[in-house]
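Presented below is the structure to which this report refers.
Every number in this text was worked out from the coordinates using simple rules, so none of it is lab data. Predicted model, so just to flag it, every value in this text is computed and none were measured. Cβ coordinates were reconstructed from backbone atoms using ideal geometry, including for glycine residues, and neighbour counts include every protein chain displayed.
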Amino acid sequence: MYWTNVDSPLGPLLLTADPDGALTSVSVPGQKGGRVVQPGWRHDPGPFRAAGEQLTAYFAADLKEFRLELRAEGTAFRERVWAALDAIPYGSTTTYGEIAARVGASRAAVRAVGGAIGANPLLVVRPCHRVIGADGSLTGYAGGLERKVRLLTLEGSL
């Protein structure tokens, strides 16, 4: 596993990649369930050049869609939910219920959808910050609600 840190308006981002260079996680300091550097991981900024450039452009409001090789592993259900997150356009928001409907889950499965969204290992890049409560409230974000507000404000959704 490779890792590096990238400066951002959200604080330093910890990026990890697999041996093939595919991005496996983006974490912020203090993130619920976020990654931390493990013994044996190799610090090497090389595999993260494109990610760093795209994140810089995103935070400058010059990039609306990431084009990176991503490799996050989860259950089949989580992967369907994460694919639904990837389809939420820049500057838009959707609800947990709408994500549940997109993945073919029942209304009763909204909690499971929320759990899958909360387990998203690719903050910012996979836009879980674009999911809000049915009443428009800014519910839950593994990186903290203040960061969710900053991201939605950057994208013009707030």
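Observations, loosely collected:
- Residue in the range 115-134 that is surrounded by the fewest Cβ atoms within 10 Å (Cβ to Cβ), counting only those that are under 25 Å from S8 (Cβ atoms) and of a type outside the set (A, V, I, L, M): G118
- When W41 is tested against (1) among the aromatic types (F, W, Y); (2) farther than 26 Å from V113 by Cα; (3) within 14 Å of the chain's Cα centre (by Cα), only condition (3) is not met.
- The listed residues are A61, A57, A72, and the only one of them that is at positive phi and in contact with a Leu (Cβ under 7 Å, 6 or more places away or on another chain) turns out to be A61.
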